[in-house]
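Notes follow the structure.
The values are calculated or read from the model by the stated rules, or taken from the named source; none is laboratory data. As the structure is a prediction and not an experimental result, all values here were calculated from the model. All Cβ positions, even for glycine, are placed from backbone atoms using ideal geometry, and neighbour counts span all protein chains on display.
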């Protein structure tokens, strides 16, 4: 009755994920004081540091995705036909979003600007991924035949790997004080 | 930068492309029979070369950003920023010419076509690049952070623009519903059009480089004055 229909549910879910990601990831970098960053610099290499941040934020984001999926189902009804598939998509999506935003948070932290700059930089880069994610998760609602589903999943995974590799290569340059 | 042979070449090529573009006979089947393009297909000689030269400018900006990370000199930073600036302007032009073309052939100015969205994203990425640059006052930090963002954004953007339109249904040629290379209209380009098109691409790239060198000369002079 008052529950949104599938497309709206899907769109709302991914928009919420976007905001959750921006806020969750922003805190991880932007609340570190310079003193603590210096301490990390002395005890760990740049590569290890950024890998640790990437993995931690990915796990955090996956947890957040599951929590928000639960809340969505509670508050907005459950139009999912294939819930397990959607859980998988939510995890993959959360992971992808968090990887991009983690690195952008590192850039914004270096620029000593707030989460606003991170959102400005992140928004264009994340639009293609969100579009792909929405397309992919539509298959969990009805038995829509999405011809290139495997391609989309592979593309998302490849993008994640690309972002991780770029972050690991570029972070040492950001790290130098 | 001050030599004039390539600037004259660029003007000649552009004049050739403009005049040729308006006079060359269009391939009958593609332009008149199979689609509603008719004479608007001539926009092909304007819209697509602008895109090619935007890609060229952005790639050069990337090269200078990588150079900056290897050896941080203020020149590399200025070069990267100015090439990105020209690339952004060309991107705006490409988007506008594409929108005008779309209004006549696809119905509306904005169709949520993947390539259009990709183009808008490119613009937003480079606007964010300039916002990032302006948010920092320390020159070294600005150069380094901006270079890192430039490289990161480029390597995410280029796969997107190359792969996405081919994967999904797209109004542009080369998307799911049609065949051929998304850049070149159909399975192969008509030879008469090809003869006008490629020189036009070169002409636009040279023009964009010329504009950039002018911007560069101003900035480098400013920099020299500041550092004295």
Checklist outcome for this item: Per the list (1) over 28 Å from residue B:145 (Cβ atoms); (2) within 14 Å of the chain's Cα centre (by Cα); (3) within 9 Å of chain B (Cβ to nearest Cβ), residue check on residue A:152 breaks on (2)
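Every residue, every condition in (1) free of Cβ contacts under 8 Å to residues at least 40 places away in the same chain; (2) part of a helix (DSSP H, G or I); (3) at negative phi; (4) surrounded by 17 or more Cβ atoms within 10 Å (Cβ to Cβ), yes or no:
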position: B:14; (1), (2), (3), (4): no, yes, yes, yes
position: B:21; (1), (2), (3), (4): no, yes, yes, yes
position: B:39; (1), (2), (3), (4): yes, yes, yes, no
position: B:43; (1), (2), (3), (4): no, yes, yes, yes
position: B:51; (1), (2), (3), (4): no, yes, yes, yes
position: B:67; (1), (2), (3), (4): yes, yes, yes, yes
position: B:88; (1), (2), (3), (4): no, yes, yes, yes
Item to check | Hey, residue A:100 crowded, with 17+ Cβ neighbours inside 10 Å and either modelled with pLDDT of 85 or more or more than 9 Å from chain B (Cβ to nearest Cβ) (or both) or not | outcome: yes
Checklist entry - Is there a residue in region A:98-120 that is touching a residue at least 12 places away in the same chain (Cβ under 8 Å) and over 20 Å from residue B:132 (Cβ atoms)? => result yes
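Residue by residue, here is whether (1) without any contact (Cβ under 8 Å) to a residue 60 or more places away in the chain; (2) assigned to a loop (DSSP other than H, G, I, E, B) holds:
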site	(1), (2)
B:77	no, no
B:104	no, no
B:112	yes, yes
B:128	yes, no
Checklist entry - Hey, any hits in region B:166-173 for a residue that's at pLDDT 75 or above and not in a loop (DSSP other than H, G, I, E, B)? => result no
Item to check | Residues of region A:164-177 satisfying the condition of being under 13 Å from residue B:152 (Cα atoms) and more than 7 Å from every other protein chain (Cβ to nearest Cβ) | outcome: A:164, A:165, A:167, A:168, A:169, A:171
Checklist outcome for this item: Considering only helices (runs of 4 or more DSSP H) wholly within region A:1-93, the ones with at least 1 residues that are under 22 Å from the mean Cα position of the chain (by Cα) and loosely packed, with under 15 Cβ neighbours inside 10 Å are A:6-30, A:46-76
